[in-house]
Structure formats: C-alpha cells, structure tokens
Amino acid sequence: MRTRSIRGLLLGAMVSSAALSLVLMGAFFTLFSYDLEDTLFARLVATAMDGRGGDGAMPLGIRTYVGHASLPSWMQAEVPSDALGGEYEIFPPGHGHFHVAVRPDVSTGLTRYGVLDTTELTRTTRQLRRTSGLLLVSAVLALLGAAGLSVLVARRLGVPLERLVAQVQSGHEPRAEDIVVTEVRALSQALSARDVRIQELLERERAFNRDASHELRTPLAVAQGAVEILELDPPRDSATFGRLRQAVLQMGLLTEGILWLARPGRSDETCGLVGISRELLALYGDHLARGDVELVVEATDEVVVPLPGAVARVMLGNLIKNALAYTEAGRIVIRVTPEAWSIQDTGVGFGRSEPERRGFGVGLSLVERLARRFQWTLDLRAVEPHGTHVRLTWPS
C-alpha cells in the first residue's frame with residue numbers, strides 16, 4: 001500500500017474541500033439567482049394586477065388584456081383559455097420570456113391578463129457566460145489560498161511529528177514539553193511509557209537469566225567435577241559415561257549462553273569458527289551421528305569473528321546437534337567463509353519431521369536470541385528435495 005505524508009494528506013483534503021465548496025456555492029448561487037428572479041417577476045405582475053385594472057399600459061411595462069381573444073395569437077397557445085387564476089412563466093417560441101398573471105372576473109365572465117415582458121430584463125443572467133473568466137480566476141485564487149492555508153496547517157502538525165520520529169530513531173527520549181500539538185504530545189508520552197515498560201520487561205528477563213545461570217553453575221560445577229573424577233577411572237559402561245559427559249558439557253554451554261543473554265553491552269572477544277566447528281563435530285559426531293552420515297567442513301583458512309568463543313560453541317553446537325539429530329543418511333556440510341558460516345544437511349528438512357520429533361526446543365530459540373544479542377543474522381530454510389540449510393552472518 002502506497003503511503004502518503006501527513007502534509008500531503010492535509011493538502012489534498014483541504015484543496016478538495018475548497019474545490020467542492022466553490023462548486024456547491026456556485027451551483028447554489030446560480031439556482032438562487034434564477035429562483036429569486038422568477039419570484040420577483042411573479043410578485044411584480046401579481047401586485048400590479050391586484051392593485052389596478054383596465055386596458056392599456058401599466059407601470060413598469062406591464063400590459064393588460066381582457067378576454068382570452070384579446071391576447072396575441074402566439075400567446076393564446078401558451079396560456080389556455082381555461083387557465084386558473086395565478087401567475088405563469090411562459091416562453092413563446094421566437095418571442096422571448098414572459099410572466100403572466102391570470103385573474104378571472106366572475107362579474108363580467110371575462111378573464112383579465114397581466115403580461116410582463118422580461119426578455120430584456122433577464123439578459124443580465126446571460127452575463128454569467130461573459131463573466132465565467134472572472135469566476136474562474138476567483139476560483140483559482142480561492143484554491144491557492146486554501147492550498148497555502150493547508151501548507152501552514154500541515155507544517156504546524158507535520159514538523160512536530162517529523163521531529164518526534166527523528167528523536168525515536170536516534171534513540172533519544174522525546175520531550176513532550178517541547179511539543180505544542182496535543183495529539184502529537186499524547187503520542188510522545190505513549191511512546192515513552194511503552195519504552196519504560198519494554199525496559200522493565202528486558203531488565204526482568206536479564207535478571208531471571210542471570211539468576212538462573214548463577215544458580216545452575218553450582219550444581220553444574222559439581223557434575224563437571226564428578227565427570228573429571230570418573231575419567232580417572234572410567235566405568236565399564238563407556239557408552240553411558242560418554243552420554244553423561246556430553247550432557248554435562250551441553251548443560252555448561254547452555255548455561256553460558258543464557259548468562260551471555262543477561263550481560264549488558266558489547267564484547268570485544270573474538271574466536272575462530274573453523275576450529276570451533278571441527279571441535280564440535282569431533283565432540284558430537286561419534287555420539288549423535290545416525291546411520292551412514294558424512295561430516296564435512298569446507299574452509300580454506302581460519303575465520304575470526306567478533307564473538308566470544310563460549311557463545312560461538314553454544315550457537316554452532318546447537319545447529320550441528322540439530323543437523324545430526326535429523327539426518328539419517330547422506331552428508332552434513334559446514335562451510336566457513338569470511339562472510340558467513342553455514343550448515344546444510346540431507347535430512348528430513350526443516351518443518352517436515354514427524355509431529356513427535358518436530359521442533360528444535362530451546363536450542364534454536366537460544367541461537368536466535370544470541371544472534372540478535374550480537375547483531376548476527378540467522379537464516380533457516382528447507383531445501384529441495386530434502387534437507388535443511390542454515391546460514392549465520394555477522395556485522396562487517
């Protein structure tokens with residue numbers, strides 16, 4: 001949908017309303033002029049007939065006729081002999097414009113007619129054609145005046161809105177006291193109140209993430225210490241011990257990722273994605289690979305990115321685990337370039353798994369939130385005929 005500025009909307013509305021007002025006023029004025037003219041002529045001839053009788057000329061150019069036969073032949077056709085008393089407006093072809101007052105005389109049985117020739121008098125109405133240029137100029141001047149007024153009004157309303165938009169985009173707190181338009185001031189106050197609520201929610205979320213991570217660190221440290229002790233004398237069930245060690249490691253990465261979400265500000269730490277990718281494949285590949293799956297890392301040189309190593313292990317680890325969990329055969333290819341990190345598998349594809357296996361749980365959600373936290377871009381899509389492609393890009 002095409003958008004328009006508030007100045008454009010106001011300008012269009014006011015010019016349109018001015019044009020419509022001029023048209024309506026012109027139409028009403030023209031109709032009123034003709035109606036007033038006819039009313040005046042009818043009253044004039046009626047007054048003359050009711051105040052004086054007889055033949056011959058009357059004041060104001062009104063002529064009287066007694067009996068229908070006394071009327072000119074061309075007028076007899078326009079005024080029937082049985083016409084009731086009253087005033088009539090007639091237009092005899094080739095003779096002009098007339099107003100006729102009909103007054104039946106019961107005593108004589110004849111009808112008196114008062115006739116006023118208004119042909120010359122109504123020529124002033126035809127002057128409208130000649131003065132159309134003046135009317136057009138007046139209309140243009142009125143429209144220009146309306147346009148100028150609308151520009152002033154739009155500027156008075158548009159400038160505070162534009163200033164408010166600039167303040168919001170720059171991250172500065174809008175100052176309601178500097179805004180003179182009531183509605184714009186109310187909008188500014190509503191935006192400020194919303195920002196306060198958002199900040200409160202974010203702070204509560206950070207506090208929860210921070211507290212939860214710190215609470216998890218103590219039992220996690222105990223579990224990690226127990227795993228290290230068991231590694232000195234590994235139990236007979238090596239598979240179970242391997243799953244335990246991997247679960248403790250994954251819990252540690254998850255806790256570290258949640259803790260990073262609660263930390264304010266940016267980090268100056270960097271890490272190498274190629275080395276971390278190989279490390280995670282070695283860690284998860286032996287335990288999570290399903291069936292005959294080939295694991296490949298395509299990279300020429302190490303790619304160093306502005307991201308803490310712990311965060312990179314959380315993000316890449318969750319994506320690699322998902323690829324391993326949903327791929328039973330084929331290839332999982334990790335590509336690392338100076339522009340992006342991507343992983344593509346030949347599994348069932350994103351959103352195509354069975355209902356009982358659908359969804360990536362907290363892992364993908366954590367990856368998305370960490371990506372936003374560090375201003376990375378996550379793109380996840382299904383590929384044809386089957387498989388999933390995930391791409392991570394970072395600020396240049």
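The values are calculated or read from the model by the stated rules, or taken from the named source; none is laboratory data. Model, not experiment: these values are computed from the prediction. We place every Cβ from the backbone using ideal geometry, glycine too, and count neighbours over all the protein chains shown. Note: areas computed on protein heavy atoms with side chains; ligands, DNA, RNA excluded. Shrake-Rupley method; radii C 1.70, N 1.55, O 1.52, S 1.80 Å.
For a quick check of your reading of the model, give me the residue pairs whose first member lies in segment 363-391 and is under 23 Å from Gly257 (Cβ atoms), whose second is basic (Lys, Arg) and surrounded by 15 or more Cβ atoms within 10 Å (Cβ to Cβ), with beta-carbon atoms closer than 7 Å and at least 6 apart or on different chains. That search, which allows pairs on different chains as well, returns Gly363/Lys321; Asp379/Arg391. From the list Val248, Val274, the one residue that fits, being open to solvent by less than 90 Å² (accessible area, probe 1.4 Å), within 16 Å of Met315 (Cα to Cα) and at pLDDT 75 or above, is Val274.
Does segment 333-343 contain any residue that is modelled with pLDDT under 90 and closer than 23 Å to Leu253 by Cβ? No: zero hits.
Each residue in segment 288-305 was checked for being surrounded by 14 or more Cβ atoms within 10 Å (Cβ to Cβ) and at pLDDT below 90, and 4 of them qualify.
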